[in-house]
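Just so you know, all these numbers are worked out from the coordinates, no wet-lab data involved. The model shown is predicted, which means the values in this text are computed figures rather than measured ones. No Cβ is skipped: glycine too gets one built from the backbone with ideal geometry, and neighbour counts run over all protein chains shown.
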Amino acid sequence: MKLVSYKTEDREHLGVYVNGHIYNLNSCDKQIPDEMNAFLAEGEVMMERAKKVDQQIKANEIEAKQEVFYELLAPVPHPTSCRDGYAFRQHVAAARRNRKVEMIAEFDQYPIFYFTNHNAIQGPGEIECMPDHLQKLDFELEVAVVIGTKGRNIKAAEADNYIAGFMIMNDMSARTLQMEEMLLNLGPAKGKDFSTVIGPWLVTPDELEQYKTSAKPGHVGNAYNLEMTCTVNGVEVSKGNMADMDWTFAEIIERCAYGVDVLPGDVIGSGTVGTGCFLELNGTGLLNNPEYKPQWLQDGDIVEMKITGLGMLSNTIRKADTDFSILALKK
């Protein structure tokens, strides 16, 4: 099942995406909340009701009205929190190699994450960027999960049961801001908090059963063979696979839930796949060829991310109509 959030006449709704069309769940079953957070809070019982409606629509067993005029939102427009992991060793190793530093041994000891701004979540469409954001503006190609069941001190062996679904994530990054502030060993903050993009829909785990594969040796949890690509203005710039995650989502959730509650509506990203951002690509390019010309996102660029089974997430970069700069305020 593919769950979507969308807007009609300034009101948000919850629907299912079936064969290229969106259907409102509440209009098919009045017990299903017409908003994603309320739906997730009801847990597995409500998820099963939604799956029944989804199956009935696919089998033409009920009359369901297709939505025609709508704005597609992030699947979870108002997450209870948003964390981002660091699960792909290839990306971490390449980034450190490009900076001429050794691979950090702690990467293989435990998964880590940071909290980003859950109030800056966006879906498909335009991403407005302040002038400082456009100083080395970057994409990050990732997968994200949404928690569907409250839990605490969850063991990795059971953690996959807490996942409501999967989405594409683009962890937008303003690298000049990020690198400047992280010299102080705190963050990331302003380099990351302006936009995190998820979408286009929330895919329930049962739809990905056919793509299951083995986790890497010594790791616990489900893994999936999902090809990941990113194009900018139609040119492929990144290609990887979710199966290359060294730390599984189950292991990341285990760490997230240690001593605290994870809640329905929490979003957790995988971290960047290998080759999954310009920062890594530019570093590798310059390492191999001093004449390499670095690339960053520009006003008007169209960023399209595709992941097997999860769809395609498209965004257009737009420069905000302002000259206000926090970089200019430095002492």
Completion exercise
Residues whose built amide H sits under 5 Å from the amide H of Asp246, excluding neighbours closer than 5 in sequence, are Phe88, Arg89
Problem - Karplus-derived 3J(HN,Hα), 6.51/-1.76/1.60, for each residue of region 304-313, Hz, glycine and proline x - result: 10, 10, 10, 9, 3, x, 10, x, 10, 10
Handout entry: Unsatisfied cross-links (Cα-Cα over 26 Å) in the set Lys7/Lys51; Lys212/Lys239; Lys136/Lys306; Lys190/Lys216; Lys190/Lys212
Key = Lys190/Lys216; Lys190/Lys212
Exercise for the section: Determine the dipole magnitude for region 81-324: charges of +1 sit on the beta-carbon of Lys and Arg, -1 on that of Asp and Glu, nothing else is charged, the reference point is the Cα centre, and the result goes in debye to the nearest 20. Expected result: 460
Exercise for the section: Can you give me the span-like helices of the chain, meaning DSSP H runs with 24 Å or more of Cα extent along the axis and Kyte-Doolittle mean at or above 0.5? Expected result: none
Completion exercise
By Cβ neighbour count within 10 Å, fewest first, His118, His21 rank His21, His118
Exercise for the section: Excluding residues on the same chain fewer than 8 positions from Lys52, give the aspartates and glutamates whose Cα lies under 20 Å from its Cα. Expected result: Asp29, Asp34, Glu35, Glu42, Glu44, Glu61, Glu63, Glu67, Asp206, Glu207, Glu209
Practice task
Along Cα→Cβ, 7 Å out, is where each label goes; now give me the distance between the ones at Asp321 and Ser27 in nm to one decimal.
Solution key: 3.5
Handout entry: Amide H within-cut-off set for Glu142, under 5 Å, with H built and near neighbours excluded
Key = Met169, Asp171
Exercise for the section: For Glu61 paired with His219, estimate the spin-label separation in nm (one decimal), with each label point 7 Å from Cα along the Cα-to-Cβ line. Expected result: 3.8
Fill in the blank from the handout: HN-Hα couplings for region 206-213 via Karplus (6.51, -1.76, 1.60; θ = phi - 60°), in whole Hz with x for Gly/Pro, come out as 4, 6, 9, 3, 5, 9, 4, 9
Completion exercise
Distance in nm between Tyr258 and Arg99 label points, each 7 Å along Cα→Cβ, equals 2.2
Handout entry: Neighbourhood net charge (14 Å Cβ-Cβ; Lys/Arg +1, Asp/Glu -1) for Ile62
Key = +2
Problem - Under the Karplus curve 6.51 cos²θ - 1.76 cosθ + 1.60, θ = phi - 60°, whole-Hz ³J(HN,Hα) for region 222-229, x wherever Gly or Pro sits - result: 6, 10, 9, 8, 10, 6, 10, 9
Completion exercise
Taking placed amide H atoms and a strict 5 Å upper bound, the residues 5 or more places from Gly125 or on another chain that come that close are Ser314, Asn315, Thr316
